1. Here are some conditions: (1) surrounded by 21 or more Cβ atoms within 10 Å (Cβ to Cβ); (2) at pLDDT 95 or above; (3) over 14 Å from residue 174 (Cα atoms). Residue 148 meets all but one. Which one does it not meet?
2. Taking only pairs six or more apart or across chains, which ones have beta-carbon atoms under 6 Å, a first residue in the range 78-104 that is closer than 25 Å to residue 140 by Cα and not assigned by TED's automatic domain parsing to the domain that holds residue 184, and a second residue that is at pLDDT below 95 and in a strand (DSSP E or B)?
3. Scan (1) over 19 Å from residue 81 (Cα atoms); (2) in contact with a helix residue (DSSP H, G or I) (Cβ under 7 Å, 6 or more places away or on another chain); (3) in contact (Cβ under 8 Å) with a residue 60 or more places away in the chain; (4) not in a helix (DSSP H, G or I) for the single condition residue 161 breaks and write down its number.
4. Being assigned by TED's automatic domain parsing to the domain that holds residue 156 and surrounded by 15 or more Cβ atoms within 10 Å (Cβ to Cβ) is the requirement here; does residue 66 meet it?
5. For the range 69-92, name all the residues that are closer than 25 Å to residue 195 by Cα and surrounded by 15 or more Cβ atoms within 10 Å (Cβ to Cβ).
6. Any chance the range 132-139 includes a residue that's farther than 19 Å from residue 193 by Cβ, part of a helix (DSSP H, G or I) and under 11 Å from the mean Cα position of the chain (by Cα)?
7. Do any residues in the range 44-57 that are closer than 13 Å to residue 121 by Cα have Cβ atoms under 7 Å from those of residues that are part of a helix (DSSP H, G or I), where the two are at least six apart or on different chains, and which pairs are they?
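The values are calculated or read from the model by the stated rules, or taken from the named source; none is laboratory data. Here the structure is a predicted model, which is why all the values come from computation and not from measurement. Cβ placement follows ideal geometry from the backbone for every residue including glycine, while neighbour counts extend to all protein chains displayed.
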């Protein structure tokens, strides 16, 4: 079975490389010149890394929890850099995420919050989905009093094509639990983020 899986993966990679060769031929024509000889293989290798989020699982990432020891304040990790790919134009977008939750019984290591962001970003995405998915994963796995995610990102589809707005930043937010229901909790979170 492992051999068949490897064979299938090799066949899929070969088809993808052949497709990229035809794609390059349509634009450049000379796929054999030095700079383009191995470009299809390099593209496939980079895509395996860029889209590695499909092989990850939020439950596995957030599985190592610790006793909250009565801590009931906001846990906030800010400025989590990420890079993603827009599902509409296959162009990159990147930015920073702020991820927060208020624990009940469990806290999670801070690196897990960054890994959760990366997992969602390393898929064909839109910013709204990444934002909502991270907050929902925190809710369903950690069962906090509330979870919140705020993402600021610059989108290649806005910068290098279409309207060509170089400085535009899109902000999305998802608030669950007390961050949605309680204006004081939401206000405290926003004050922490703006410091």
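1. The one condition residue 148 does not meet is (3).
2. Final answer for the pair search is none.
3. (2)
4. Values: assigned by TED's automatic domain parsing to the domain that holds residue 156: yes; surrounded by 15 or more Cβ atoms within 10 Å (Cβ to Cβ): no.
No.
5. 74, 75, 76, 77, 80, 82
6. Checked the range 132-139: at least one residue is farther than 19 Å from residue 193 by Cβ, part of a helix (DSSP H, G or I) and under 11 Å from the mean Cα position of the chain (by Cα).
7. These pairs meet every condition: 53/118; 53/119; 53/120; 53/121; 56/119.
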